[in-house]
Amino acid sequence: MAAQTQRIRLTVDRIRRLEPPTGKQAIYVFDDDQRHLAVRVTPAGAKSFVFAGKLNKVPLRITIGDVMVWQLDDARAEARRLQTLIDQGIDPRQEKAERIAASEAKREEARRVEAPALDAWNVYLEARRSKWGERTYADHLAVTKAGGEVRTRGRRPGESDRTLPGALLPLLAEPLRSIDAERVRAWLADEAAKRPTHAALAFRLLRAFLNWCADRPAYSSQVQADACASKLVRDELPTKAAKDDCLQREQLNLWFGHVRQIGNPVISAYLQTALLTGARREEVAGLQWTDVDFQWKSLTIRDKVEGERTIPLTPYVAALLASLPRRNEWVFSSTSAEDGRLQEPRKAHNQALAAAGLPSLSIHGLRRSFGTLAEWVECPVGVVAQIQGHRPSATAEKHYRRRPLDLLRMWHMKIETWILEQAGIEQPADQLAQGLRVVG
């Protein structure tokens with residue numbers, strides 16, 4: 001059954017007095033003034049303005065809106081506009097869909113522009129993660145962490161027992177377009193005053209992030225690409241003082257004597273291993289038993305530069321590791337740490353230094369000591385660099401030198417033997433029998 005239709009000159013009062021139909025079909029009351037405008041009345045009493053026309057001789061009806069929302073004159077004007085589109089060969093339904101899509105796109109763009117820069121940062125991390133090592137990715141997470149966690153490492157007097165938020169977090173909470181040179185300068189001045197090393201790292205990561213955004217169409221219109229380039233900004237960077245803490249030959253006896261007396265054998269072994277391998281702090285702490293090959297005397301180290309490197313397992317270090325308890329997968333395990341591995345060796349180390357009357361020495365200073373002490377046995381610089389996991393510094397080293405493990409072992413054992421001699425530590429008469437299997 002077709003819908004009922006009638007035609008009158010519509011007025012506000014006549015529209016108000018229109019009665020709902022008694023059947024199941026809506027009725028359409030057309031306007032004499034604008035012939036393509038009608039009021040649809042449903043059996044439930046709902047009333048809407050409707051455009052009725054033909055597109056390519058096919059009947060077309062489009063709801064304009066509720067009569068309680070639209071003014072009658074506005075509805076007539078809209079009906080004329082829709083008929084004009086049809087006269088031009090334009091489907092009003094397609095035009096409406098495109099208009100809604102454009103409006104939604106505009107709103108989405110507004111939301112994106114006002115969104116915190118942290119949203120773009122997370123996209124950046126996901127896009128670049130495969131290009132970075134674990135340490136680089138961890139640094140990016142650290143500068144935007146929420147903070148508030150219980151400290152698992154030593155804290156200075158007066159410091160909170162909770163970790164601070166990452167330095168970049170407050171800056172990236174703002175829209176990307178707001179991060180200009182003046183905002184970066186103020187942020188860097190504030191952070192550098194509180195934690196200069198962390199601030200310098202955060203600034204370098206921010207600069208790379210903004211450069212990445214400048215090359216991406218999705219962000220290039222929002223980013224202030226020169227936000228980190230201003231001289232005023234760079235002037236706020238904390239001065240990077242080169243550290244020179246390092247054990248001297250004459251200090252080795254005292255250092256070993258007190259470190260070997262540390263009550264916790266895991267920490268004692270950790271510190272000695274850090275010195276005798278020259279590895280980075282976390283490289284040593286992250287050793288797992290699967291990384292230690294006692295048969296072929298090698299250590300596999302997770303390297304922040306190349307991802308992984310293999311170095312010799314020298315006799316004294318092999319004996320240290322073999323004596324440790326195997327509580328879990330970690331070589332330097334802990335019964336109190338949540339993840340089961342050693343977290344903070346500095347306190348015990350500092351106490352040993354104080355008892356020995358030695359100057360302050362960081363864990364990284366042990367790595368620096370290895371490189372320095374190796375010069376006493378005239379070890380080639382390239383050998384030391386390969387053992388320690390430094391980037392090659394010359395063309396020959398980068399492209400033509402990749403020494404086999406046995407060659408590294410020869411020099412590494414010389415370094416260990418000399419260090420232990422200076423420390424007054426008795427060594428096996430036959431080191432080859434104790435710690436080295438010769439191949440070939």
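Each reported figure results from applying straightforward, stated rules to the coordinates on display, with no laboratory input. Just so it is clear, the structure is predicted and the values come from calculations on it, not from any experiment. Note that each Cβ is placed from the backbone with ideal geometry, even for glycine, and that neighbours are counted across all protein chains shown.
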Asn211 and Ala354 label points (each 7 Å along its Cα→Cβ direction) are spaced in nm at 4.4 nm
Output ordering of 352-363, 169-180 (per-residue mean of other Cβ within 10 Å, highest first) is 169-180, 352-363
Put in order of increasing Cβ neighbours within 10 Å, starting from the fewest, Ile267, Ile86 give Ile86, Ile267
With x for Gly and Pro, the residue-by-residue ³J(HN,Hα) of the range 207-213, computed from phi through the Karplus equation 6.51 cos²θ - 1.76 cosθ + 1.60 at θ = phi - 60° and given in whole Hz, is 4, 5, 5, 5, 5, 5, 4
Under the 7 Å Cα-to-Cβ spin-label approximation, Arg17 and Glu338 lie apart by a distance in nanometres of 7.6 nm
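If the only charges are +1 at each Lys and Arg Cβ and -1 at each Asp and Glu Cβ, what is the size of the charge dipole of the range 50-129 around the Cα centre, to the nearest 20 debye? Display every interim value, and only then the final one.
Numbers: 15 positive and 14 negative charges, 52 e Å.
Value, rounded to 20: 260 debye.
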When the charge dipole of the chain is computed with +1 on Lys and Arg Cβ and -1 on Asp and Glu Cβ about the Cα centre, the Cα farthest towards its positive end, among Thr335, Val184, Leu55, belongs to Leu55
So, with points 7 Å from each Cα along the Cβ direction, the Ala127-Ser220 label distance in nm works out to 1.1 nm
So the pair-distance distribution of the chain, from every Cα-Cα distance in 20 Å bins, comes to percents of 18, 33, 20, 13, 13, 2
For the range 249-435, the Debye formula with one identical point scatterer on each Cα and no solvent gives log10 I(q)/I(0) at q = 0.12 Å⁻¹ as -0.56
When His364, His258, His412 are arranged by how many other beta-carbons sit within 10 Å of their Cβ, fewest first, they go His364, His258, His412
Sorting Ala322, Ile415, Trp121 by the position of each Cα along the dipole of the chain (Lys, Arg +1; Asp, Glu -1; all at Cβ), the one nearest the positive end of that ordering is Trp121
Nearest-0.05 FRET efficiency for Leu118 and His364 at R0 = 30 Å, using Cβ-Cβ distance, is 0.45
By the C-alpha gyration tensor axes a ≥ b ≥ c (rounded if a/c is under 1.5, else prolate when a/b exceeds b/c, else oblate), the shape of the range 283-330 is oblate
Rounded to the nearest 0.05, FRET efficiency between Lys57 and Arg107 (Cβ-Cβ, R0 35 Å) equals 0.40
If amide H atoms are modeled at 1.01 Å from N in the peptide plane, then the residues at a separation of 5 or more from Thr5, or on another chain, having amide H under 5 Å from its own are Tyr28
Of all C-alpha pairs within the range 4-109, those more than 24 angstrom apart amount in percent to 29 percent
Links exceeding 24 Å between C-alpha atoms in this model, out of Lys145/Lys231; Lys131/Lys194; Lys297/Lys414; Lys24/Lys96; Lys47/Lys106; Lys24/Lys57, come to Lys145/Lys231; Lys131/Lys194; Lys24/Lys96; Lys47/Lys106; Lys24/Lys57
Cross-link reach from Lys54 to aspartates and glutamates, straight Cα distance under 16 Å and at least 8 residues apart if same chain, gives Glu78, Asp87, Asp91, Glu95
About its Cα centre, the chain carries a charge dipole, from +1 on Lys and Arg Cβ atoms and -1 on Asp and Glu Cβ atoms, whose size in debye to the nearest 20 is 1020 debye
For the range 1-51, the Kirkwood Rh over every pair of distinct alpha carbons, in Å, works out to 10.8 Å
So Ile90 and Leu141, fully extended at 0.36 nm per residue minus their Cα-Cα distance, gain in nm 13.1 nm
